[in-house]
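Inspection log for the structure reproduced underneath, given as structure tokens.
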Amino acid sequence: MWMHPTTRCALKYVRSRIPRNNSSTTRLYTTVIMRNVPSSMAKALSMSCPLEPINIKNAEIQHDNYIDIMKKIVVKGETIILKADDNHPDCVFIEDTAVVIDDRAVICRIGAESRIDEVDATKEALLDLGLPVHDMRHDTEFGTCDGGDVLYPVRYDISDARAPMKVGGNYLFVGISSRTNYEGAEYLQHVFPNVEVVPIKMRETNGEALHLKSIVTHIDHKTLVMPDGSEWDYICDLMDSKGRGFEIVRLPDISACNVVSANNYVVAQSNICKQSKEILEKEVEEGRGMKMLYVDASEFSKCDGALTCKNILIP
Ligand code: CIR
């Protein structure tokens with residue numbers, strides 16, 4: 001179990017409210033939580049000023065299309081759409097508010113001051129679902145974490161509907177970034193003792209990537225997607241991707257590397273380059289028998305969002 005040597009935090013634990021399935025019986029994503037676009041999204045945080053302002057109407061249309069896709073992916077489950085909060089221009093990026101692995105959830109202390117209270121709505125929704133919820137804000141003094149920094153390569157393979165299965169899910173890669181610190185990563189390790197937390201100290205990217213998952217996501221339990229270019233190789237090294245048995249698919253554009261993989265589908269942004277699409281389709285459909293879907297998220301990328309950031313998937 002990984003522990004940051006210099007962290008001294010007193011951790012208290014919240015008791016499970018309702019016993020849930022043990023991780024070995026977790027076989028597919030049954031629920032997705034999303035949040036509507038606030039009318040204030042034009043004021044969302046952004047690493048650089050977008051060339052064109054955010055168009056809220058377009059953002060709503062793009063988000064509705066994405067909601068439809070997520071409904072298709074958790075077709076036998078539940079799609080929960082939380083009300084937008086106009087006091088929180090970034091609230092549509094719900095991924096950052098919580099980390100859910102198997103049978104329990106962590107509520108994050110988001111690393112951006114203006115976003116800290118966004119998590120309350122997510123916490124309520126998770127408690128309503130009966131999930132045991134551990135709140136980093138109460139249990140650590142200084143721990144911070146954005147869900148966008150937390151990568152959990154796993155595959156819920158539902159190709160055989162009679163016997164869906166969970167594969168992989170042994171590692172939790174946690175980007176140590178401007179938003180997530182070592183204490184936050186250590187807290188995740190305490191709450192999720194069945195996975196190995198691997199901290200990835202991220203380098204300055206000159207505004208190219210806010211979170212770990214702006215750079216690397218997973219297609220399945222043993223396949224990661226990352227941008228081409230030697231400047232990203234240090235991430236493979238820190239992940240010890242080879243040693244841990246991962247295959248890395250490299251793509252020409254970084255925005256193609258944020259994909260959502262769930263229940264045998266992989267979703268990417270529609271405005272990625274042709275070459276990235278060809279590589280993804282080959283790997284996902286021909287190579288792994290999964291289905292590739294695309295959706296436009298261009299309004300969200302104007303404020304450093306992509307696809308994973310707009311949902312929380314729950315097994
Ligand atoms: C932020 O700066 O927090 C938002 N404008 C973007 C958050 C994107 N979140 C994510 O990729 N997980």
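Structure values in brief
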quantity: Residues within segment 198-222 that are buried (at least 20 other Cβ atoms within 10 Å of the Cβ) and either under 19 Å from LEU293 (Cα atoms) or of a type in the set (Lys, Arg) (or both), tallied; calculated: 8
quantity: Complete set of residues in segment 125-155 that are among the basic types (Lys, Arg) and in a helix (DSSP H, G or I); calculated: ARG137
quantity: Members of segment 191-230 found to be part of a strand (DSSP E or B), within 16 Å of the ligand (Cβ to nearest atom) and under 17 Å from ALA268 (Cα atoms), listed by number; calculated: THR217, HIS218, VAL225, MET226, PRO227
quantity: Filtered residue count, segment 95-132, keeping only those that are of a type outside the set (D, E, K, R), over 13 Å from PHE192 (Cβ atoms) and in contact with a Leu (Cβ under 9 Å, 6 or more places away or on another chain); calculated: 6
quantity: The listed residue being in contact (Cβ under 8 Å) with a residue 24 or more places away in the chain, within 16 Å of the ligand (Cβ to nearest atom), part of a loop (DSSP other than H, G, I, E, B) and of a type outside the set (Ser, Thr, Tyr), out of ALA306, ALA268; calculated: ALA306
quantity: Pairs where the first residue, in segment 221-241, is under 20 Å from CYS273 (Cβ atoms) and the second is among the basic types (Lys, Arg) and loosely packed, with under 14 Cβ neighbours inside 10 Å, C-beta under 9 Å, 6+ apart; calculated: GLU231/ARG203
quantity: Test: residue in segment 160-168 that is within 21 Å of ILE33 (Cα to Cα) and either within 16 Å of the ligand (Cβ to nearest atom) or at pLDDT 95 or above (or both); calculated: no
quantity: Test result for SER16, of a type in the set (Gly, Ala, Ser), modelled with pLDDT under 85 and exposed (fewer than 15 other Cβ atoms within 10 Å of the Cβ); calculated: yes
quantity: Residues within segment 86-125 that are in contact with a strand residue (DSSP E or B) (Cβ under 7 Å, 6 or more places away or on another chain) and under 21 Å from ASN55 (Cα atoms), tallied; calculated: 3
quantity: Residue among ALA185, ALA256 that alone is under 25 Å from GLU285 (Cβ atoms) and either in a strand (DSSP E or B) or in contact (Cβ under 8 Å) with a residue 24 or more places away in the chain (or both); calculated: ALA256
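The values are calculated or read from the model by the stated rules, or taken from the named source; none is laboratory data. This structure is a prediction, so every number in the text was calculated from the model and none was measured. All Cβ positions, even for glycine, are placed from backbone atoms using ideal geometry, and neighbour counts span all protein chains on display.
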